[in-house]
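A quick write-up on the structure given underneath.
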Amino acid sequence: MLKRYGMLLLLFATRQITVHAQSNDHYANGMVVCAYPDAAQVGLAILKKGGNAVDAAVAVQFALAVTYPEAGNIGGGGFMVYRSAKGKTNTLDFREKAPFAASANMFLDASGNVIPGMSTGSHQASGVPGSVDGMVEANRKYGRLKWAELVQPAIDLARNGFKITKRLADGLTRGANIFAKANPGKSYFLKEMPWVEGDLLIQEDLAKTLEQIRDKGRKGFYEGTVADQIVEEMKSGSGLISKADLQAYHSVWRKAITGKYKDYKIITMPPPSSGGIALISLLKSVEKYPLHRWGYNQDSTVQLMVEAERRVYADRSKYLGDPDFFKVPVDSLLRDSYILSRMDSFTWDAATPSASIQPGTIVGYESDQTTHYSITDKDGNAVSVTTTLNGSFGSKIFVKGAGFLLNNQMDDFSSKPGVPNMYGLVGGKANSIQPNKRMLSSMTPTIIEKNGRLFMVVGTPGGSTIITSVFQTILNVIEFDQDMQQAVASKRFHHQWLPDNVTVEKGAFSEATQSKLTQKGYKLNNINGIGRVDAILKTSGGYQGGADPRADDTKAGW
Ligand code: DON
């Protein structure tokens, strides 16, 4: 009874957020949910002029590169999960690659220690960008509108400027010193007075780069002026990306990873993302338990989910990497019997110490600031894209004259076995640095079907917390009867095996839940925010959006 009461209070609290922050309208003809209001409007305009979900995705990707420079990008990479109205699925891997000149120990000093900051804040921190090739490929395979029409809105936003939100103003002001230091002699994003809400941000260099991309497609970025500018920028800071790296970069269509959870089919990203395999493993680990009866963020619910997360992240550290370089045991990891056996050591009495959990044994196995957008169209096609520069504003280094930021995605490799990266994630051989290899990702763009019909489009940024935020959002809808906006707004928690603590959004747990978990040995670590989920639910009334109230995320439909 008490449990129920606690849940009602929490639901009431999230409903308040829902009512004030975002309306809960349903739309028949399509929806865009993404990180920045102007980019959402660009996507909506494309849908209204007859573009499909992929067209809108391409336009939103470029619009976010202008309006959401923390993570929207042309200098980074990402993943797209696609489901057509008829139920055909596909995924596009436009993840960055290590340059040909990269090597396993490139971030270590002479004594073999990781050099602090080198994999995150230097010219060597950048992988070969994949976003432009990814968008070209997506448009070539599924696009309905012409390429130039999809890039033009971003050019207009860059050239004419757009009014910045308070959050972006604060981000630009806070970053001023770092931008100045990372870009000596250049003045991107710098101005004399602090940025304030409503200021116009004009990016003429970026507009010119986008014009090259509009007019020449792939060649407008990987060859010609922009390629020259990237290579020049690399030379100015001992960076590794060469003309040959740019020419050789190609995104890859990969078969989606699929799995079942009750009546639902999960369609998600395969390696080099760890997200899809981890998400399906998590759902399978908790499927047989009465989560619905226990309720949202109640102690039993949290304990079970945390123990599943601990085990799945331990496996991630050993078995997941770029499938073009490392034999990822996908089938073994996704076998029901294997996933369930991993939960054998779970007991209700106490937290399992992470020190006692190791990656599982796979029979026959040979050792050998991101942003998400969800889009649906009037025909029922759906697109789920997560794209990133990695850290907020990536390496903070602009390509001189080209006006865009480079990623610091090399940090997603394991620089040294067992040494945590910026998200505290550890890895080993599977995710070691090798020339031309893709770094392992946690990005988990996902589409869900129920009884063969589109049900949900979901994803989020958040580094290592991406997988657990997607996991919770799905359970919030399926098990805890929350609508899409509530499910996205609800407070989250996270465990990733190492470090051995539960990261909890302030206010996520009642005092009773906290004390029960603490008594069992769970170390709770309160923080302000986890993830920014942008999602769409298909209901009998139409598309219902969930835009994360933690930031400027916006939903637009028609
Ligand atoms: O691919 C990954 O897993 C990371 N580069 C994602 C980074 C991220 O989500 C940062 N955003 N908060």
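Note on GLU223: accessible area is roughly 60 Å² with a 1.4 Å probe, heavy atoms of protein only. Pairs over the 28 Å Cα-Cα cut-off, from the set LYS166/LYS235; LYS48/LYS284; LYS429/LYS491; LYS49/LYS88: LYS166/LYS235; LYS48/LYS284; LYS429/LYS491. Protection proxy ranking of 195-204, 263-272, by the mean of other Cβ atoms within 10 Å over each peptide's residues and highest first, is 263-272, 195-204. Using the 1.4 Å probe convention, the accessible area of the chain works out to 36 Å² per residue with neighbouring protein chains retained. Of HIS495, HIS123, HIS292, the residue with the largest accessible area leads and the full order is HIS292, HIS123, HIS495 (1.4 Å probe). Using the Cβ-Cβ distance between ALA28 and ASP481 with R0 = 22 Å, the FRET efficiency computed as 1/(1 + (r/R0)^6) comes to roughly 0.40.
For the residues ASP344, ASP315, a 1.4 Å probe over the protein chains yields an accessible-area ranking, largest first, of ASP344, ASP315. Charge dipole of the chain (Cα centre as origin; +1 on each Lys and Arg Cβ, -1 on each Asp and Glu Cβ, all else neutral): 780 debye, rounded to the nearest 20. Does the range 421-517 classify as rounded, prolate or oblate by the C-alpha gyration tensor (a ≥ b ≥ c root eigenvalues; a/c under 1.5 gives rounded; else a/b over b/c gives prolate, otherwise oblate)? Oblate shape, in that a/c is at least 1.5 and b/c is the bigger or equal ratio. Are any of the pairs LYS255/LYS506; LYS141/LYS216; LYS318/LYS450; LYS208/LYS378; LYS219/LYS396; LYS327/LYS555 more than 29 Å apart by Cα-Cα distance, and if so, which? Checking Cα-Cα distances, LYS255/LYS506; LYS318/LYS450; LYS208/LYS378; LYS327/LYS555 exceed 29 Å. Placing dummy labels 7 Å off each Cα toward the beta-carbon, the span from ARG335 to LYS146 is 5.4 nm.
For the chain, the average shadow cast by the Cα convex hull is 23.6 nm², which is a quarter of the hull's surface. Maximal additional length on extending the THR361-SER111 stretch stands at 86.8 nm, based on 0.36 nm per residue less the C-alpha distance. In the chain, a dipole from Cβ-located charges (positive for Lys and Arg, negative for Asp and Glu) runs towards its positive end, and of VAL470, GLN152, ALA125 it is VAL470 whose Cα lies farthest in that direction. For GLN519 and LYS288, a Förster radius of 25 Å and the Cβ-Cβ distance give a FRET efficiency of 0.50, rounded to the nearest 0.05. Classify the range 277-324 as rounded, prolate or oblate, taking a ≥ b ≥ c as the square roots of the eigenvalues of its Cα gyration tensor: rounded when a/c is under 1.5, otherwise prolate if a/b is larger than b/c and oblate if not. Because a/c hits 1.5 or more and a/b exceeds b/c, the range 277-324 counts as prolate. Our Cα-only numbers for the range 322-362 put the radius of gyration and Dmax at 13.2, 42 Å.
The values are calculated or read from the model by the stated rules, or taken from the named source; none is laboratory data. Keep in mind that what you see is a predicted model, and the values were worked out from it rather than measured. Every residue, glycine as well, gets a Cβ built from its backbone with ideal geometry; the counts of neighbours run over all protein chains shown. Surface areas here come from the heavy atoms of the whole protein model, side chains and all, with no ligands, DNA or RNA. Shrake-Rupley method; radii C 1.70, N 1.55, O 1.52, S 1.80 Å.
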